[in-house]
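Coordinate-derived values only; no laboratory data. As the structure is a prediction and not an experimental result, all values here were calculated from the model. Don't worry about glycine lacking a Cβ; one is built from the backbone with ideal geometry, like all the others, and counts go over all protein chains shown.
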Amino acid sequence: MARYIGPVEKIERRFGVSLDMKGERRLAGKCALNSRKYGPGQHGQNGGKISEYGLQLREKQKAKFMYGVSEKQFKAIFNEAHRIEGNTGENLIKLLEQRLDNVVYRMGFASTRRFARQLVTHGHILVDGKKVNIPSFFVKIGQKISIREKSTDNKQIIRSLELTKQTGIVPWVDVDENKLFGIFTRLPNRDEVVIPVEERLIVELYSK
């Protein structure tokens, strides 16, 4: 399955939770999920019992859509999480958080991960002073993420930083809003990553 590029609010309504796929509308309380708390389509309001497999698949899909990765990418990240010593589920979340597009989003340079991915692919982002246009690039502890000089007056980036002030910057990055750069200071603890995903069910899904 390729990366989803369709209407994002339809996805959030399907799962019944915010996946941070909308930026300004979400912060303004105008997300469709707030007014229509049921799934899309003519059968969206019909509830039904979900099987164990369905619950596991649901969690994987939520994580995929939230972080904007394809099926192939997600499986590769899971395999790496399983290879690393420690809890596979927690390793999975940490690896997803290390993706460059996600780090750009966490630093407040983009209001959504989708916009962050666009900034990266269009060459607006520097890693340790060098242009990196690969969203899946894994950021290492201590690396500096900055906006290239020609893009520092980008209105969308400036607006994203203003919106981020409403929610705050996550504690595992250190950002200088005036100079438009940030440092990925450490890996996050699982309890610091507030996302509506139960990674335990994803591990169970792939363990079958």
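Some notes on this structure:
- For region 123-153, trypsin sites (Lys or Arg not before Pro) are listed when DSSP marks them as loop and at most 12 other Cβ atoms sit within 10 Å of their Cβ; the list is LYS140.
- Qualifying lysines (Cα of each under 20 Å from Cα of LYS75; at least 8 residues distant if same chain): LYS60, LYS62, LYS64, LYS94, LYS208
- Counting 0.36 nm for each residue step from ALA76 to LEU57 and taking away their Cα separation leaves a gain of 5.2 nm.
- Shape category assigned to region 97-184 from the gyration tensor of Cα positions, a/c cut at 1.5: rounded
- Sorted by Cβ density within 10 Å, fewest first, the residues LYS155, LYS62: LYS155, LYS62
- The packing ranking of peptides 64-76, 111-123, highest mean first, is 111-123, 64-76, where packing means the average number of other beta carbon atoms within 10 angstrom of each residue.
- Cα→Cβ-extended label distance, 7 Å offset, between ARG148 and VAL17, nm: 3.7 nm
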